[in-house]
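*Asks:* Can you read through this structure? Questions will come right after.
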Amino acid sequence: GVQIRAAVCMAVFNKILVMNAVSLSHTSNGQLLNIIGNDMQKLMDFLNAFPFVAVLIIDVLVITGVAGYEIGISAIPGILIILLAQFFQIGLGRRIKSLRRRALVFIDARVRMVGDVVTGIRVIKYNGWVVPFLKQIAITRARELSWIAKASFMRGVATAVGDAYVPLACLATFGVYVFLHGGNLNAKSTFTVLPFLGVLYKSAGSARPGFLIFGEAMIGMDRVQRFLNIHKSALHANATVKAVSCSFTWEPSGTKGSSRQLGQPVLRNINLEARKGELVAIVGSTGSGKSSLLLGLLGELKVLRGSYSLQQDAVYVPQQPWIINDTVRNNILFGSDFDLERYQSVLSACALDQDASCFPNGSDSEIGERGINLSGGQKARISLARACYNASPIVLLDDPFAAVDVPTTQHLIQHVLGGVLKGRTVIIVTNNEMCLTMCNKVYRLEYSTLHLSEAEKEINRGLVSYNARSSLESSQQSIEHTSPVVIKTTNAQLQGSSGSLVKKEISLASRGIAAKDLKEYFNTMGWALVILVGITFVITQCALTAGDYWLSVWTDKKYNLQAGPYVAIYAALAVGFLIFASLRVSLFTEATNNAARKLHSKMAENILRSPVTFFDHNPTGRIINRFTKDQSAVDEILPFTLQQVIAFVGSCLGALALIAILLPWFMLVTPIYLMVFIYMRQRYVAICCDVKRLDGVTRSAVYAHLVESIEGVVSIRAYGAEKRFMDRFVDLVDKNNQAGMMYAHASRWFATRMEMTVIFNLAVVAAFVIALRNSISPGIAAGIILVQSLKLSGLFQFTVRSSAEAENQFTSVERIQEYTHLAVEPDCKDSSKLSVPDEWPHQGTIEFRNYTMAYREDLSPALNNISFTVEGGEKLGILGRTGSGKSSLVAAIFRMVQNDACSGSIIIDDLDIQKVKLDDLRRRLSIIPQDPVLFRGSLRFNLDPFSEHSDKDMYEALARVHVAEKVKSIGNGLDSEVTENGNNFSLGERQLICLARTLLRKSRIVILDEATAAIDNKTDRLIQSTMREVFESCTCLTVAHRINTIIDCGMVLVLDTGGHIVEYDSPYNLLK
């Protein structure tokens, strides 16, 4: 099972590496994680249970023959009941399969939603959207649980029927036997048949998971097969870049309302040629398809007509930089051999040499997932450096200068395009004037068609940005180039002495189930339900044990009764057991569903309420692991295992009690027997719990690598790094499978020793029966004691193994409880905080008073004793080199960092923001981030998650940012679907939608963090005009690189890398 799971996982990952961007856009990270985690686990569980199904079939055939030989046709009713029970189990399995298929729809949706939340957590916190996203997750979770609850109930019914069919088979068999033989029940025949029925009970118990999980395993395989059949990428290997009359399209899928017309050409009649050594530029307005053209050349789009060629080892720099969770050096080398001279020249060309010298461990410092610990400019330059270091003769660059300031852009153009890339074939998407003047060819993309143009003509068209030659730029340049560069301080708290910026996941301490964890789990179940389950458990077990005892009484004819009363009492006990067992199942299902619902709800809330530093420490895959594999164990595996434990423990206690009553001498060896079992169980559980925890940690690493690879698959293919990423995945899967193999070997070790102990126990009981044969009645001696002892041989194994498995699965509860106890942002639940009036802030005055902020007490301040005031309605531009504290200043206003290292105060409209409820504060402010984030769902939800605005208002906001007509043209308007990460909209379109979202909020205070970096200059001028009009009375803080973005600001604040204010004056005074 382990090997098959590994093989399927590698097939899935290999498929990911060859899928084109379009196909991947229709498959979410959450769905793939569910396939790798839950679906493959179901398959492995079925493969492990399948041999027991085969054994059951053989046992049924053999026991049917033996019973028929011993008691004749009286065996037929009992055998029929047993067969009917198995068919009933198969029917339950089919029903569970149907329920599972329905549940999977909502499981995938929930995991996708959680993935979106984790990816966009900063946007959610900045906008105060924790509540609506928690509500959405809760709604999806409730629908998921409704189907899971039904499936769990069916599994419980299967357990109850599995326990009840042996008594019912005995009732039918012996009732017919008494009827046919004149009321006499023969002890010899009875207790010859009973042990075989006990063996059948054991076999059926082992095979039960196989019957129940078969359908779920088939669903998982069907999902894997459908994924593996998705269209893959088609790469081309030729000498030059050339496209002749080429039309590209995004393939049709179930996605509707996309900004890209699926199945229709997005690029028509494309003619392009780039010869060896040429620098070719592609310009065009926002959303014109420039990024799609590069993807088409890489083979990521479907070609409807025409032909194109591209050398296979071309490298690609995406518009949004893709950074792996590794060191700075490894991000740049990306598998290439290290050449110190070449490496240093690339660092210098990409303006990274100063940055690298100030990282904790230089360029060997680790950076977080997606480069979360770096500024936008640093990520862009590392992504560019990767292409520069690679020796590929063809380089595709998608707007690589959008996130960097003007002086750095000039440096990159001079030393990258005019330096390390000179002599290579370079195709660059850009709107930069200086870059265009260097190009051999300039193409303009307009109305989905490419036209050969000229640099001067495009500059005159206004789509490109002019080089600002003002003294203000020169002033900024001098500030930036004389100041040392450090890593983005927002995440400096992650740096340790080792230079690692990501916390390693550590397995929980080696121990059994802690009493406090068990108590907390019972609390989430509800103590009333726990007590009721306990009561029904006692009643069902008493009925089962009493039935076995009554059978011995009946055989021994202890009471002088006719056959009727014996049959009636035995029937009453069997039916009573079935009724109370069903009641126990219903109550238990309700209790475990309560626990699963509350644990998930608490975990989701704590995740969303955690400080942003938590997400810097923990990769997305690690967090999602809790919401997939661990939550699946709590939802389904643990409840089923606990039901089995309850049933087996009850049967063991009942059998021991019955033997002790009928054979008191057995109590002499029982303590020794139990001590041996307890000792072996402790050894087994200690090993298995450690292995299970190790499995959780290594599985998180698999998930993290999978998510990272999906997000960068285009770059992985462009750099020819498929084998390296596949090898890494294989290594991680192997490490995870080692835990599975250790668990399997430990189980075999335990099973062998349990069999030996049980055989010894049976021998001791037999010896006692022989020794005391004169004092024990023949029916009891020959029958019930030996039958119960034989029954114990299987029950003890099942009890210990199922209880150990329950303890192993309980590690998932512990891992979820770990997240339910996460430290949340201060005052999230502090009722003493002020509820501000609806009109606050009504003026928009912001005052910093001697404010100092550090991300951790042992780190240098990111903002150092700064004081300044922004009057209501004033416009403030913020400048400074990377690491100077621009982002820290924005974070401080939104209270994203709160600890004892922060001092001073920030006053908004005469109110200290520390006294305001966090959600209220964030919802009253607006921010347009540099990295625009859209969430899966409708465009309407992305604009207005609280449903506070009319369609008219939303269309008006979209019209102001010049995307309303495009939204109306895509079919479903505001109800158009937004795919994962908003990938069905271009980066520029996403920035415009985020701007429209801000317009709707109508906040008095607006922060713009390079809000139009990915937008062409013509659209930028229109947007700047709109913002001047709409935000005329608002207080605006603008973090900018473009001079035209802040030239209209009343004041400009310049920060240095120590977090000090070095200049604070009007732009015109700074010009002097």
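*Asks:* Among bridges DSSP assigns within the range 846-1071, what percent are antiparallel (round to 5)? Walk me through the numbers before you get to the answer.
*Replies:* Details: 18 of 36 bridges.
Roughly 50 percent of the DSSP beta bridges within the range 846-1071 come out antiparallel.
*Asks:* Between their Cα atoms, which of LYS242/LYS379; LYS519/LYS735; LYS441/LYS968; LYS598/LYS915; LYS917/LYS1002; LYS516/LYS692 are more than 27 Å away from each other?
*Replies:* Numbers: LYS242/LYS379 30 Å; LYS519/LYS735 33 Å; LYS441/LYS968 35 Å; LYS598/LYS915 31 Å; LYS917/LYS1002 20 Å; LYS516/LYS692 20 Å.
Correct reply: LYS242/LYS379; LYS519/LYS735; LYS441/LYS968; LYS598/LYS915.
*Asks:* What dipole magnitude, in Debye to the nearest 20, does the range 294-357 give about its Cα centre under +1 on Lys/Arg Cβ and -1 on Asp/Glu Cβ?
*Replies:* Details: 4 positive and 8 negative charges, 88 e Å.
The calculated dipole for the range 294-357 is roughly 420 debye.
*Asks:* Rank VAL1039, VAL12, LEU194 by how far each Cα sits towards the positive end of the charge dipole of the chain (+1 on Lys, Arg Cβ; -1 on Asp, Glu Cβ) and give me just the farthest.
*Replies:* LEU194
*Asks:* Then there is this: Any aspartates and glutamates with Cα under 15 Å of the LYS42 Cα? List them, leaving off those in the same chain fewer than 8 positions away.
*Replies:* Cross-link targets: GLU216, ASP222, ASP630, ASP635, GLU636.
*Asks:* While we're looking at this one, here's another question. As a test of the formula, what do you get for the chain when each DSSP H run with n ≥ 4 contributes -39,500 (n - 2.57) and the sum is divided by the residue count, at 222 nm and rounded to the nearest 500 deg cm²/dmol? Display every interim value, and only then the final one.
*Replies:* Details: 36 runs with 614 residues, N = 1072.
The helix contribution divided over the chain gives -19000 deg cm²/dmol.
*Asks:* May I ask for the distance between the Cα centers of the range 704-733 and the range 905-958, given as a whole number of Å?
*Replies:* What the calculation gives is 36 Å, centre to centre.
*Asks:* Right, next: Treating only the Cβ atoms of Lys and Arg (+1) and Asp and Glu (-1) as charged, compute the dipole magnitude of the chain about its Cα centre; round to the nearest 20 debye. Provide the component values of the computation, followed by the final result.
*Replies:* On the way: 107 positive and 95 negative charges, 604 e Å.
That gives the chain a dipole magnitude of about 2900 debye.
*Asks:* Still on this structure, please answer the following. Beyond 18 Å, how much of the Cα-Cα pair distribution for the range 654-732 remains, as a whole percent?
*Replies:* Values: 2021 of 3081 pairs.
Taking all Cα-Cα pairs of the range 654-732, the fraction more than 18 Å apart is 66 percent.
*Asks:* Oh, and also: Positive end of the dipole of the chain, charges at C-beta (+1 Lys, Arg; -1 Asp, Glu), about the Cα centre: which of ILE137, ALA704, PHE798 has its Cα farthest in that direction?
*Replies:* Among ILE137, ALA704, PHE798, the one farthest towards the positive end of the dipole of the chain is PHE798.
*Asks:* Here is a follow-up. Go through 732-741, 585-594 and give me the packing order, highest mean Cβ count within 10 Å leading. Write down the numbers at each step before the final one.
*Replies:* On the way: 732-741: 18.4, 585-594: 21.6.
Peptide ranking by packing, descending: 585-594, 732-741.
*Asks:* Let me spell out the model: positive unit charges on the Cβ of Lys and Arg, negative unit charges on the Cβ of Asp and Glu, origin at the Cα centre of the range 846-1071. What dipole size does that give, in debye rounded to 20? Let's see the in-between values first.
*Replies:* Values: 26 positive and 32 negative charges, 62 e Å.
Charge dipole of the range 846-1071: 300 debye, to the nearest 20.
*Asks:* In whole Hz and in residue order, list the ³J(HN,Hα) couplings for the range 350-355 that follow from phi through the Karplus curve 6.51 cos²θ - 1.76 cosθ + 1.60, θ = phi - 60°; x for Gly and Pro.
*Replies:* 8, 6, 10, 5, 5, 4
*Asks:* Which of the DSSP-defined H helices in the chain satisfy a minimum axial length of 18 Å, computed from C-alpha atoms, and a minimum mean Kyte-Doolittle hydropathy of 0.5? Walk me through the intermediate numbers first.
*Replies:* On the way: long enough: 2-18 (24 Å, 1.58); 40-71 (46 Å, 1.44); 75-119 (63 Å, 0.86); 130-180 (72 Å, 0.99); 187-228 (60 Å, 0.56); 376-389 (20 Å, -0.22); 527-556 (43 Å, 1.24); 563-609 (69 Å, 0.56); 638-662 (36 Å, 1.96); 670-711 (60 Å, 0.45); 722-771 (73 Å, 0.29); 785-820 (50 Å, -0.09); 987-1001 (22 Å, 0.41); 1017-1030 (19 Å, -1.05).
TM-like helix candidates: 2-18, 40-71, 75-119, 130-180, 187-228, 527-556, 563-609, 638-662.
*Asks:* Given H placed on each backbone N at 1.01 Å, which residues far from ALA281 in sequence or on other chains put an amide H within less than 5 Å of it?
*Replies:* Correct list: ILE428, LYS441, VAL442, TYR443.
*Asks:* Scan (i) 113, 87, 65; (ii) 148, 110, 70; (iii) 118, 66, 57 for the value of Cα extents along the principal axes in Å calculated from this model and give just the label.
*Replies:* (iii)
*Asks:* Which GluC sites (Glu not before Pro) in the range 937-1011 pass both tests, a DSSP loop state and at most 14 other beta-carbon atoms within 10 Å? Spell out each step's value before the answer.
*Replies:* Details: sites: GLU948, GLU956, GLU965, GLU977, GLU980, GLU989, GLU1010; in loops: GLU948, GLU1010.
Of the GluC sites (Glu not before Pro), the ones in loops of the range 937-1011 whose Cβ has at most 14 other Cβ atoms within 10 Å are GLU948.
*Asks:* Taking the alpha-carbon centroid of each part, what is the distance from the range 637-673 to the range 294-357 in angstrom?
*Replies:* After rounding, the separation between the Cα centres reads 65 Å.
*Asks:* For GLU1063, which sequence-distant residues (separation of 5 or more, or a different chain) have an amide H within less than 5 Å of its own amide H, given hydrogens modelled in the peptide plane?
*Replies:* Amide H neighbours of GLU1063: VAL1054.
*Asks:* Contact order normalised by length for the chain, with contacts defined as Cα pairs under 8 Å and 6 or more residues apart; what percent is it? It would help to have the intermediate numbers written out before the result.
*Replies:* Working: 1846 pairs, mean separation 169.8, N = 1072.
Relative contact order, the chain: 16 percent.
*Asks:* Could you tell me which trypsin sites (Lys or Arg not before Pro) in the range 273-370 are loop residues by DSSP with no more than 16 other beta carbons within 10 angstrom of their beta carbon? Provide the component values of the computation, followed by the final result.
*Replies:* Working: sites: ARG275, LYS276, LYS290, LYS302, ARG305, ARG329, ARG342, ARG370; in loops: ARG275, LYS276.
Here the sparse-neighbourhood loop sites are ARG275, LYS276.
*Asks:* Another one. Within the range 84-134, list the trypsin sites (Lys or Arg not before Pro) lying in a DSSP loop whose Cβ has at most 11 other Cβ atoms in a 10 Å radius.
*Replies:* Working: sites: ARG94, ARG95, LYS97, ARG100, ARG101, ARG102, ARG110, ARG112, ARG122, LYS125; in loops: none.
When the trypsin sites (Lys or Arg not before Pro) of the range 84-134 are filtered for loop state and at most 11 Cβ neighbours within 10 Å, nothing remains.
*Asks:* Using Cα pairs closer than 8 Å and at least 6 residues apart in sequence, work out the relative contact order for the range 846-1071, in percent. It would help to have the intermediate numbers written out before the result.
*Replies:* Working: 404 pairs, mean separation 69.0, N = 226.
It rounds to 31 percent for the range 846-1071.
Coordinate-derived values only; no laboratory data. Keep in mind that what you see is a predicted model, and the values were worked out from it rather than measured. With ideal geometry, Cβ positions are generated from the backbone for all residues, glycine too; neighbour counts draw on all protein chains shown.
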